[in-house]
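Working notes, beginning with the structure itself.
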Amino acid sequence: MTAQILDGKATAKAIKAELTERVAVLAARGVTPGLGTILVGSDPGSTWYVGGKHKDCAEVGIKSIRVDLPEDTTQEILLAKVRELNENPECTGYIVQLPLPKHIDQDVILEAMDPAKDADGLHPMNLGRLVANVNRPMTSPLPCTPKGCVELLARHDIDLDGKNVLVVGRGVTIGRPIGLLLTRRDVNATVTLAHTGTADLASHLAQADVVIAAAGQPHMIKAKDLKPGAIVLDVGVSRVNDENGKAVVTGDVEPAAYEVASWISPNPGGVGPMTRAMLLANVVESAERAAGI
Ligand SMILES: Nc1nc2c(c(=O)[nH]1)N[C@@H](CN(C=O)c1ccc(C(=O)N[C@@H](CCC(=O)O)C(=O)O)cc1)CN2
């Protein structure tokens, strides 16, 4: 068996084209959505991701506001920037790029954001809304990567109703919120959350119809442990050196999994582009709600 590809790049391109039209409808009503980003430090990955967010905004017609701060920025200065974006009327939504340097308390920063401007769905109020709302349509932003995983599967006509999903990784941006999203009544999956403290990962993998690998551990998911025909989303991102010493992006799933899975999202080219597209979707949806559309 060779797995079919969950093509995040092509899917994100189609979503961006749809969002461009929705931004034009907002513009006709005099509404211009604006995305702010705050980046602290110069980590090459984070700098690339933030650059991508501004490029995406330009592509679909969203205004963007960029705040770049040095690595040694104090928590107080960062809080002042967060408050500035809370008050800036041109910025209808914003994100603080994660991870933050170790001397800054991420929870304090996320809590200081205006939840109505939280384009990442990571403010505790918005995560709490995801916990509380099982049945009704969500009217608050969802974290971009979990939302991107669900959208990527839906756009390939993959129904998760009744499926056993194993999520590997318990981070706040993916692992923890994705279980909440997948167990909503409209998705109806049964979710197990595995992590570094899980005793026998192989026995969980053997039962999983769907695996969402978001641990950030290169090739930790072995093809031999997968249930034949499993659907695999390779979400984790690591940078490793290839045989020529060149840094390359690699996922959590070993390449041999392509011979066991029925569907697989490549990495790069799978969930990453969907994360980018879902950030734009959050900004547009929030502007539409504000405009009463
Ligand atoms: N505030 C946030 N911080 C972080 C988030 C987030 O959603 N909000 N997620 C990740 C980083 N991220 C977006 O910020 C992100 C990661 C990966 C990609 C992507 O398109 N990856 C490419 C490969 C890129 C490469 O070569 O490095 C792919 O998968 O094809 C986009 C966005 C952590 N921080």
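Throughout, read-outs are computed from the coordinates displayed, never taken from laboratory work. Note that the structure is predicted; figures quoted are calculated from it, not measured. For neighbour counting, all protein chains shown are included, and Cβ atoms are generated from backbone atoms with ideal geometry for every residue, glycine included.
Please check the chain for the longest run free of GluC sites (Glu not before Pro) that are loop-located per DSSP (anything but H, G, I, E, B) and have at most 13 other Cβ atoms within 10 Å. In short, 91-242.
Karplus-based coupling profile of region 82-87, in residue order and whole Hz: 4, 5, 4, 5, 4, 8, with θ = phi - 60° in 6.51 cos²θ - 1.76 cosθ + 1.60 and x standing for Gly or Pro. Amide H neighbours of SER140 under 5 Å, at least 5 residues apart or on other chains, H built in the peptide plane: list them. When sequence neighbours closer than 5 places are left aside, there are no close amide H contacts. Within the straight-line cut-off of under 17 Å between alpha carbons, the lysines reachable from LYS163 are LYS227, sequence neighbours fewer than 8 places apart in one chain being disregarded. Annotation: the chain has a Kirkwood hydrodynamic radius of 19.7 angstrom, from the mean reciprocal C-alpha pair distance. Spin-label model, GLN4/ASP157: points 7 Å from Cα along the beta carbon direction are separated by 0.7 nm.
What pairs from LYS55/LYS246; LYS13/LYS53; LYS9/LYS224; LYS16/LYS147 go past 19 Å between their alpha carbons?
LYS55/LYS246; LYS9/LYS224
Provide the FRET efficiency to the nearest 0.05 for the HIS54-ARG185 pair, computing r from the beta carbons and using R0 = 45 Å. Calculated value: 0.80.
Can you sort ARG185, ARG83 so the residue with the fewest Cβ neighbours within 10 Å comes first?
Details: ARG185 9, ARG83 13.
Placing the least packed residue first, the sequence is ARG185, ARG83.
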